[in-house]
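Chemist: This structure is in structure tokens; I'll ask about it shortly.
The values are calculated or read from the model by the stated rules, or taken from the named source; none is laboratory data. These figures come from a predicted structure and were not determined experimentally. FYI the Cβ positions are ideal-geometry reconstructions off the backbone, even for glycines, and counts take in every protein chain you see. The protein model used for the area step is the full one, side chains on, heavy atoms only, and it has no ligands, DNA or RNA in it. Shrake-Rupley method; radii C 1.70, N 1.55, O 1.52, S 1.80 Å.
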Amino acid sequence: MRMKVGKELRGVVLLLTGALLCGSLTGCAGGAGSGAGRENGSAVENGRENGREKERAAENGSAEEDGKETVSVALWGGQLLEGYTGYLQEQFPEVEFEFYLASNTTDYYRFCQEKGKLPDILTVRRFSLNDVKNLKDELMDLSDTDLANSFYQSYLRSYTYDDGTVNWLPACAEVDSLIINKTLFEQYEIPVPTDYESFLSACAAFEEHGIQGFMTDYARDYTCLELLQGWSIEQLMSMDGRLWRQEYESGMASQLSETVWMPVFEKMEDFIKHMNLTEADNETEPGEVNERFQAGRVAMYRGTGADVLAYRESGEALLMPYFGKTPEDNWYLTYPSFQAAAKEQETPERRKLILEIMSVMLGEGGLKHITTGQNMVAYNKGVQLELLPELQNLSPAIKDNRLYIRLASNDMFSISREVVQGMISGQLPDARAAYEEFNRLLILEKEEEKETVLIETGYPYTFYSDGGNPAASAIINTVREEAGMELMLCQASDISGDIVAGMYREHDLNYLMRGENIKIYRTEMTGAEMEQFITHTLEQEHSRSSVVNDSTLYVSSGFEMEIFKTEEGYQLGQLTIQGEPVKAEQTYSFGVISSVYHFAEPIFEKMGITAFDFHENTANELFIRRLTGGGQLSEPAAYMYLKKR
């Protein structure tokens, strides 16, 4: 039985990491003595030789097993696993992609840069050029490429540094503007707004009928940012506004321009006054807004194209622009589904390959695998993304390029909420006070967090068919031990790349695992139920927990899995615990690490499992607790043997 050599293989897995990491490995388990160890001695030696080949392959960018090129892609969110990653795999069969889920912040890439582990392709949703200017010299300049030239200049301008460099490009646009209940407007015979004044008139008319004209979730930072900018897009898109933004994004300006931004705060002050907002409105959350809108108690709110589709049963909804002085001044606020960039490559061949992959990622075929709901629009020329009927009123704005890409630096999110909420509560009594407070917070010196946590041993995020993924195994073993459970399962892509030996800031430990806090489902299963559960897990298609290639396989802790790779996908073979077959009748405490999208629950329901709960801590909290308490990550285990069938 292959998995009887678990200790020997664990030692081999640890041995393989040296050339990939900054630190040396310690604490490797050696192997010998048992009959299984002697019986499989040649396999262990072969594993060592394969490991040396893998190290050499990693150094020159080639995959270790089939002569494929290895390309690492950090995904900003789990939804990209639904169809997007599978599409890339189909388009590039000669590439072995390493997909993993990263935190949705440019700070994650700052962390990667410090640890020397930037992926080949970077994606992020919350983005500003100003936040990534320190990465500029390590990323490919795309300015002279056909890919960059395929974007409309009005949008490309937001991604161009003052020296003409272009490192980042946007995927398709999520449209985030005003949603109106058209059915409600028709019922009360109130004209649909066409400009800002008619918007205010409509709000007042609905108030006379006991219906709130406009409502939104002021508790959220993105809402405060988008309202502040959305109501003043015409101002921000002026010549002065565009010039200031380029200076800010390039790091040449650190504060708001009075000429550009004072009118923005004056517009926000006027909006707050007309909406009769009070401090209580600062607590409004999305759930309350959605509930009131669906019930017909609110006529308009801030939302996205995806939100429009949720109201088909309760009435016709339309996505409208942020209204300006005249209909010609109306704009839709947008943000890209993500921004993409590429690490500079060492050879022309690798650079050519990465550019080809990015062209497919941001081309029509790739974008259609993101816009499965047909609710997004393209920023690049020659790309036709079909819109649903409810969104057809976007067409004139698309034709005229009246889609503004929000300014979304890390500081902008938090400061926008603080300032807008301050205006609503009266703590910032007028536009001047709000403008000055925003600038004060922009240049406020932040106390730098010190590196206080030592990770002694690093592990690579690389899949080995004769052992699994060392980085993922180390994290999940740690979580299982801290949770006090017998067995645990998690998708490898939930771990965010290599774990590098060295000192860490406490906050940066969050970047070792995907940004969302991941729950731990707890239940009890028999060995037979475990086999059934894992079989269902491997069979998932077009979901956020689908297995699309080796890097997205699942990691087991406390037990081992034999997996067969076929032309149709992945199939479960045998499950073992310390090399011995799992007993079908025996009951085990079983944990499943799952994101907010809970792949576990549908499978539990399919199997008739109703007795489950959640651990009081998230997976992130448990391994961070171990490290900040002076402990170390658990050693990886040889948890998988993968072979082709």
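Chemist: Which one is modelled with the highest pLDDT among residues in the stretch 295-336 that are of a type in the set (Phe, Trp, Tyr) and more than 18 Å from Phe199 (Cα to Cα)?
Modeler: Restricting to residues being of a type in the set (Phe, Trp, Tyr) and more than 18 Å from Phe199 (Cα to Cα), the top hit is Tyr335.
Chemist: May I pose another question? Taking Ala299, is it closer than 29 Å to Ile211 by Cα, open to solvent by less than 10 Å² (accessible area, probe 1.4 Å) and out of contact with any Pro (no Cβ under 8 Å at 6 or more places or on another chain)?
Modeler: yes
Chemist: Just the residues that are under 12 Å from Tyr511 (Cβ atoms), in a helix (DSSP H, G or I) and either open to solvent by 40 Å² or more (accessible area, probe 1.4 Å) or of a type in the set (Val, Ile, Thr) (or both), please, taken from the stretch 82-113.
Modeler: Selection gives Thr106, Asp107, Arg110, Gln113.
Chemist: Still on this structure, I have one more. Among Asp498, Asp508, which is under 24 Å from Tyr109 (Cα atoms), open to solvent by less than 10 Å² (accessible area, probe 1.4 Å) and at pLDDT 95 or above?
Modeler: Result of the check over Asp498, Asp508: Asp508.
Chemist: Restricting to strands (runs of 3 or more DSSP E) lying wholly in the stretch 553-631: which have 3 or more residues that are modelled with pLDDT of 95 or more?
Modeler: Of the strands (runs of 3 or more DSSP E) lying wholly inside the stretch 553-631, those with at least 3 residues that are modelled with pLDDT of 95 or more span 554-557, 560-565, 570-577, 587-594.
Chemist: Mind listing whichever residues of the stretch 254-284 are open to solvent by less than 20 Å² (accessible area, probe 1.4 Å), touching a helix residue (DSSP H, G or I) at 6+ places or on another chain (Cβ under 7 Å) and assigned to a loop (DSSP other than H, G, I, E, B)?
Modeler: If the condition is that a residue be open to solvent by less than 20 Å² (accessible area, probe 1.4 Å), touching a helix residue (DSSP H, G or I) at 6+ places or on another chain (Cβ under 7 Å) and assigned to a loop (DSSP other than H, G, I, E, B), then Leu256 is the only one that fits.
Chemist: Anything in the stretch 322-350 that is under 24 Å from the mean Cα position of the chain (by Cα) and in a strand (DSSP E or B)? List them, or say none.
Modeler: Scanning the stretch 322-350 gives Tyr332, Leu333, Thr334, Tyr335, Pro336, Gln339, Ala340, Ala341, Ala342, Lys343.
Chemist: Show the residue pairs meeting these rules: Cβ distance below 9 Å; 6+ apart or different chains; first residue within the stretch 440-463 and more than 20 Å from Leu512 (Cα to Cα); second residue open to solvent by 20 Å² or more (accessible area, probe 1.4 Å) and of a type in the set (Ser, Thr, Tyr).
Modeler: Leu441/Ser414; Leu442/Ser254; Ile443/Ser254
Chemist: Kindly establish whether Leu355 is touching a Cys at 6+ places or on another chain (Cβ under 9 Å), modelled with pLDDT of 95 or more and either aromatic (Phe, Trp, Tyr) or more than 17 Å from Leu391 (Cβ to Cβ) (or both).
Modeler: Here the answer is no, as Leu355 does not meet what is asked.
Chemist: A further question on this structure: How do the pairs read when you match residues in the stretch 313-335 that are within 15 Å of Ala299 (Cα to Cα) with residues anywhere that are in a strand (DSSP E or B) and β-branched (Val, Ile, Thr), using Cβ under 6 Å and keeping only pairs 6 or more apart or on different chains?
Modeler: From residues that are within 15 Å of Ala299 (Cα to Cα), the pairs are Ala317/Ile179; Leu318/Ile180; Leu319/Ile179; Met320/Ile180.
Chemist: Inside the stretch 290-321, can you point out the residues that are of a type in the set (Phe, Trp, Tyr) and more than 27 Å from the chain's Cα centre (by Cα)?
Modeler: Phe293
Chemist: Right, here's the next one. Taking only pairs six or more apart or across chains, which ones have beta-carbon atoms under 6 Å, a first residue in the stretch 213-230 that is β-branched (Val, Ile, Thr), and a second residue that is open to solvent by less than 10 Å² (accessible area, probe 1.4 Å) and in a strand (DSSP E or B)?
Modeler: Thr216/Tyr301
Chemist: In addition: Scan the stretch 132-190 residue by residue and report those that are open to solvent by 10 Å² or more (accessible area, probe 1.4 Å), under 18 Å from Ala317 (Cβ atoms) and of a type in the set (Phe, Trp, Tyr).
Modeler: The answer is Tyr188, and nothing else.
Chemist: Another question about this same structure. Do we find that Ser546 is open to solvent by less than 20 Å² (accessible area, probe 1.4 Å), in contact with a Ser or Thr (Cβ under 7 Å, 6 or more places away or on another chain) and more than 20 Å from Leu487 (Cβ to Cβ) in this structure?
Modeler: no
Chemist: Considering the stretch 561-580 alone, what residues qualify as being over 11 Å from Leu538 (Cα atoms) and small (Gly, Ala, Ser)?
Modeler: Of everything in the stretch 561-580, those that are over 11 Å from Leu538 (Cα atoms) and small (Gly, Ala, Ser) turn out to be Gly573, Gly579.
Chemist: Looking only at the stretch 517-547, filter to residues that are of a type in the set (Lys, Arg) and in a strand (DSSP E or B); which one of those is farthest from Ile609 (Cα to Cα)?
Modeler: By that ranking, first place goes to Lys519.
Chemist: Considering only the stretch 576-622, state which residues are closer than 23 Å to Ile495 by Cβ, open to solvent by 30 Å² or more (accessible area, probe 1.4 Å) and of a type in the set (A, V, I, L, M).
Modeler: Ile577, Val596
Chemist: What number of residues in the stretch 231-250 are open to solvent by less than 50 Å² (accessible area, probe 1.4 Å) and in contact (Cβ under 8 Å) with a residue 40 or more places away in the chain?
Modeler: Adding up the residues that qualify gives 8.
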